[in-house]
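To keep things clear, I will list the structure first and then write my remarks on it.
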């Protein structure tokens, strides 16, 4: 049987913002990278230059913090950033812009952490729908770039959902995965998904598809 050429997918979380870790920003416009976040974006761009197989395409969530992270990557790799709505943050609905400290005190927070497959954000998206969306987007882009390397700039929850899906981990356990700002998680999508690394903030020289 002929093997399908594996596509290497590099999932980059956007850099730090002034509200990272304190507010659930969701899809609200106008949130930009902090100075620290811009420095992170520059460093991840430099790390991506070390890849054995250079990326041929760069896609980003339309939100400002993602596009600002993609900008130095585009310059470093000589690529144009294509906006991709499938890489958007989860739609947190009525929770958008809320303090995480307050949300952690709500009754619903336990479901968010321990039974996310059952939870839909009020007036927003469910975790299950978010996972389907991000994985369908990845599959579509892989078909467009079969056997090549691509970079996708997205957000923590969608990247966590994609990585856990690739591993065959149930969605109810996806909160056990950490995706730090400007970390890289790498997948190889050929005959079967293979997870090459998760939440990497170090060298990417040895990230090679099997």
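Mean shadow of the stretch 127-175, computed from the convex hull of its alpha carbons, in nm²?
3.5
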Between helix 127-144 and the chain: long-axis angle, C-alpha atoms, 0 to 90°, nearest 10: 20
Of 79, 88, 152, the one that fluctuates the most in a GNM where the chain has Cα springs shorter than 10 Å: 79
In nm, spacing of pseudo-spin labels at residue 192 and residue 178 (7 Å Cα→C-beta vector): 2.9
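Counting only helical runs of four or more DSSP H residues, what would the 222 nm mean residue ellipticity of the chain come to if each run contributes -39,500 (n - 2.57) and the total is spread over all its residues?
Details: 6 runs with 68 residues, N = 210.
Result for the chain, helices only: -10000 deg cm²/dmol.
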Among 198, 178, 44: highest mean-square fluctuation, GNM of the chain, C-alpha pairs under 10 Å: 178
Can you tell me the 0 to 90 degree angle between the C-alpha axis of helix 35-48 and the longest principal axis of the chain, rounded to 10? 30
In the Gaussian network model of the chain, springs joining C-alpha atoms below 10 Å, which of 55, 170, 72 carries the largest mean-square fluctuation? 170
Can you give the angle from 0 to 90° between the axis of helix 156-167 and the longest principal axis of the chain, with both taken from C-alpha atoms, to the nearest 10? 60
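So for the stretch 7-200: antiparallel DSSP bridges make up what percent, rounded to the nearest 5?
50
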Rounded to a whole number, the Stokes-Einstein D of the stretch 7-200 in µm²/s (Kirkwood radius over Cα pairs; 20 °C; 1.002 mPa s) is 128
Given labels modelled 7 Å from the Cα in the Cβ direction, how far is it in nm from residue 22 to residue 100? 1.2
For residue 205 and residue 128, what does the FRET efficiency come to when R0 = 45 Å and r is the distance between their Cβ atoms, rounded to the nearest 0.05? 0.80
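Taken together, the values in this text are just the output of simple stated rules run on the coordinates, not laboratory data. The model shown is predicted, which means the values in this text are computed figures rather than measured ones. FYI the Cβ positions are ideal-geometry reconstructions off the backbone, even for glycines, and counts take in every protein chain you see.
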